[in-house]
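Below: the structure, in structure tokens.
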Amino acid sequence: MPGPGNRRTRTFSMLETGQKTDPFTIPTDTGSFSSTDDAGGKTVVFFFPRADTSGCTKEAVAFSGLLDEFAAAGCRVIGISKDTAAKQAKFRAKHSLTCELGADDETGICEQFGVWLEKSMYGKSYMGIQRATFVLDSDGTCLAAWPKVKVPGHAEEVLETVRSL
């Protein structure tokens, strides 16, 4: 029977439009975030590889800059990485971020969404987070998915999609 140490080698399919995800609660740098807290609203979940790296910073800054517009569209926004809540707090403070920042340091939520996967760089394989974004309905159904995100213009594209749903 595989134990917790083996879970990093399991394969998970990435969540796709129309599929439903289980409810989740995740620690954040300001407390906790539950996917079930906003009945009737939508949630944008963006996964990023690591706090305070250039691409991740640009993405979090972009979502933070549009947070009021997401709220006006009835949508919450949370960014999730494997970083600890303390590291997320430093990330928030350094870049004046306003969106929620989830700390999935055990990768359970990343695995649930299928973004924790094997990657390679310079011929070496390692486990890491695939930059991806999902829009969830209040019941956890995925309304839209971006499985491989390119940061420039992405937050704006997600906002346009949320407004059209």
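The values are calculated or read from the model by the stated rules, or taken from the named source; none is laboratory data. Just so it is clear, the model here is predicted, and its values are computed rather than measured. Quick reminder, even Gly has a Cβ in these numbers, built from the backbone with ideal geometry, and neighbours come from all protein chains shown.
Beta carbons closer than 8 Å, at least 6 apart along the sequence or on distinct chains, pair a first residue in region 104-116 that is surrounded by fewer than 23 Cβ atoms within 10 Å (Cβ to Cβ) and part of a loop (DSSP other than H, G, I, E, B) with a second that is modelled with pLDDT under 95 and among the basic types (Lys, Arg) for Thr107/Arg7; Thr107/Arg8.
Considering only residues that are assigned to a strand (DSSP E or B), charged (D, E, K, R) and in contact (Cβ under 8 Å) with a residue 12 or more places away in the chain, which ones fall in region 117-165?
The answer is none; no residue qualifies.
Only one entry of Thr84, Thr133 meets the criterion of being surrounded by fewer than 18 Cβ atoms within 10 Å (Cβ to Cβ) and β-branched (Val, Ile, Thr), and that entry is Thr84. Condition test on Arg92, is it closer than 17 Å to Cys142 by Cβ, among the charged types (D, E, K, R), modelled with pLDDT of 95 or more and crowded, with 18+ Cβ neighbours inside 10 Å? Criteria not met by Arg92. In region 13-74, counting only strands (runs of 3 or more DSSP E) that sit wholly within it, the ones holding 3 or more residues that are buried (at least 18 other Cβ atoms within 10 Å of the Cβ) span 42-47. Here the condition is being closer than 23 Å to Pro23 by Cα and of a type in the set (Lys, Arg); of Lys58, Lys82, Lys90, it holds for Lys82 alone.
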